[in-house]
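The values are calculated or read from the model by the stated rules, or taken from the named source; none is laboratory data. Remember, predicted model here, so these are calculated numbers, not experimental data. Note that each Cβ is placed from the backbone with ideal geometry, even for glycine, and that neighbours are counted across all protein chains shown.
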């Protein structure tokens, strides 16, 4: 009787070991144990700088770029949508769970913008199939005059043939 109980116990243990091993092999084959790729999240996604004076100099906003993935995010470049906007990131490598400062800088005296509110973006390129983006909204008050811009608007008469 005891021998029969030991044999049933051994069969159950061996069966469980086979199930667990098979499950682990399956999980390994489908990539369950692979670390998640890097994924940057920018907070806040957008920010309104409001109306800025041309005479006031550059304005900036710092965003948080957090790596919510499972591998290091290696920053290759940070692009902006226009030359009146620049961006700097505090780290070239952002480890999982870490955050880097993304500073977006807008120069209201760079060139003429159409009247009213508009936006500019800063895009972080890194070792992922996706990119992360921050957006600023702004409106310029040309208190110095459009002729005082670093790149003033061209006179349309000069360009006619």
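Of the strands (runs of 3 or more DSSP E) that lie entirely inside segment 70-158, those containing 3 or more residues that are touching a residue at least 24 places away in the same chain (Cβ under 8 Å) and more than 14 Å from residue 42 (Cβ to Cβ) span 73-80, 132-141.
Yes/no per residue for (1) in contact (Cβ under 8 Å) with a residue 12 or more places away in the chain; (2) outside any helix (DSSP H, G or I); (3) in contact with a strand residue (DSSP E or B) (Cβ under 8 Å, 6 or more places away or on another chain); (4) not assigned by TED's automatic domain parsing to the domain that holds residue 122:
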residue	(1), (2), (3), (4)
18	no, no, no, yes
21	no, no, no, yes
24	no, no, no, yes
27	no, no, no, yes
48	yes, yes, yes, no
51	yes, yes, yes, no
55	yes, no, no, no
61	yes, yes, yes, no
64	yes, yes, yes, no
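Candidates are the residues of segment 54-64 that are modelled with pLDDT of 95 or more and surrounded by fewer than 17 Cβ atoms within 10 Å (Cβ to Cβ); the one that is farthest from residue 144 (Cα to Cα) is 64.
With the structure loaded, tell me whether residue 34 is exposed (fewer than 12 other Cβ atoms within 10 Å of the Cβ) and in a loop (DSSP other than H, G, I, E, B) or whether it fails that test. Against the criterion (exposed (fewer than 12 other Cβ atoms within 10 Å of the Cβ) and in a loop (DSSP other than H, G, I, E, B)), residue 34 qualifies.
Among the residues of segment 113-145, those that are over 20 Å from the mean Cα position of the chain (by Cα), surrounded by 12 or more Cβ atoms within 10 Å (Cβ to Cβ) and over 16 Å from residue 58 (Cβ atoms) comprise 117, 118. Mind listing whichever residues of segment 112-136 are in contact with a strand residue (DSSP E or B) (Cβ under 9 Å, 6 or more places away or on another chain) and under 15 Å from residue 38 (Cβ atoms)? Matches in segment 112-136: 124, 125, 126, 127, 128, 130, 131, 132.
Of all residues in segment 65-87, those being more than 19 Å from residue 129 (Cβ to Cβ) and surrounded by fewer than 14 Cβ atoms within 10 Å (Cβ to Cβ) number 1.
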